[in-house]
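Colleague: Please see the structure below; I have some questions.
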Amino acid sequence: QVQLVESGGGLVQPGGSLRLSCAASGSHFSIYNTGWYRQAPGKQRELVASITRGGSTYYADSMNGRFTISRDVAKNTVFLQMNSLKLEDTAVYYCNMDGARGNYWGQGTQVTVSS
């Protein structure tokens, strides 16, 4: 059974940084396209960043170079480094793996940006 577990969320002031982690068990990131999504209260879930099986990355325009997605193949973990956080980045952040073998979501981790 595939499981994704996110961690690293929390409360941070505007301009601060957080690093989210998504650890997988039951399968491996290298055979999936992996993405970080977020959902703010009252809004639809949106794609923040993704990394393909081959390692190519994509970012939503609104991230403006503030976020970086990466992965550690040996640890089977995907990261989202978030810098220069803004109030509007407050949301629950979810990790997703998508591929021929299935589509999987983590439980989410809360990120709150507040002064």
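Colleague: Run Ala60 past the list (1) out of contact with any helix residue (DSSP H, G or I) (no Cβ under 9 Å at 6 or more places or on another chain); (2) within 14 Å of Ser21 (Cβ to Cβ); (3) not acidic (Asp, Glu) and report the number of the one that doesn't hold.
Modeller: Ala60 satisfies every listed condition except (2).
Colleague: Follow-up. Quick check on the stretch 68-84: of everything there that is out of contact with any Leu (no Cβ under 6 Å at 6 or more places or on another chain) and not in a loop (DSSP other than H, G, I, E, B), which residue is farthest from Thr34 (Cα to Cα)?
Modeller: Gln81
Residue-wise test of (1) open to solvent by less than 70 Å² (accessible area, probe 1.4 Å); (2) within 16 Å of Cys22 (Cβ to Cβ); (3) among the basic types (Lys, Arg); (4) under 14 Å from the mean Cα position of the chain (by Cα).
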position	(1), (2), (3), (4)
Ile69	yes, yes, no, yes
Ala100	no, no, no, no
Thr109	yes, yes, no, yes
Val113	yes, no, no, no
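Colleague: Hey, any hits in the stretch 93-113 for a residue that's touching a residue at least 12 places away in the same chain (Cβ under 8 Å), more than 23 Å from Gln3 (Cα to Cα) and not in a strand (DSSP E or B)?
Modeller: Taking every residue of the stretch 93-113 in turn, none turns out to be touching a residue at least 12 places away in the same chain (Cβ under 8 Å), more than 23 Å from Gln3 (Cα to Cα) and not in a strand (DSSP E or B).
Colleague: Check Val73, Val78 and return the single one that is aliphatic (A, V, I, L, M), at pLDDT below 95 and in contact with a helix residue (DSSP H, G or I) (Cβ under 8 Å, 6 or more places away or on another chain).
Modeller: Of the residues listed, the single one that is aliphatic (A, V, I, L, M), at pLDDT below 95 and in contact with a helix residue (DSSP H, G or I) (Cβ under 8 Å, 6 or more places away or on another chain) is Val73.
Colleague: Right, another one. Restricting attention to the stretch 24-54, which residues are over 27 Å from Lys86 (Cα atoms), open to solvent by less than 70 Å² (accessible area, probe 1.4 Å) and part of a loop (DSSP other than H, G, I, E, B)?
Modeller: Gly26, Ser27, His28, Tyr32
The values are calculated or read from the model by the stated rules, or taken from the named source; none is laboratory data. Every value quoted in this text rests on a predicted model; they were computed, and no experiment measured them. Because the Cβ atoms are built from the backbone with ideal geometry, glycine has one as well, and the counts that use them run over all protein chains shown. What goes into the accessible areas is simple: the full protein's heavy atoms, side chains included, and nothing from ligands, DNA or RNA. Shrake-Rupley method; radii C 1.70, N 1.55, O 1.52, S 1.80 Å.
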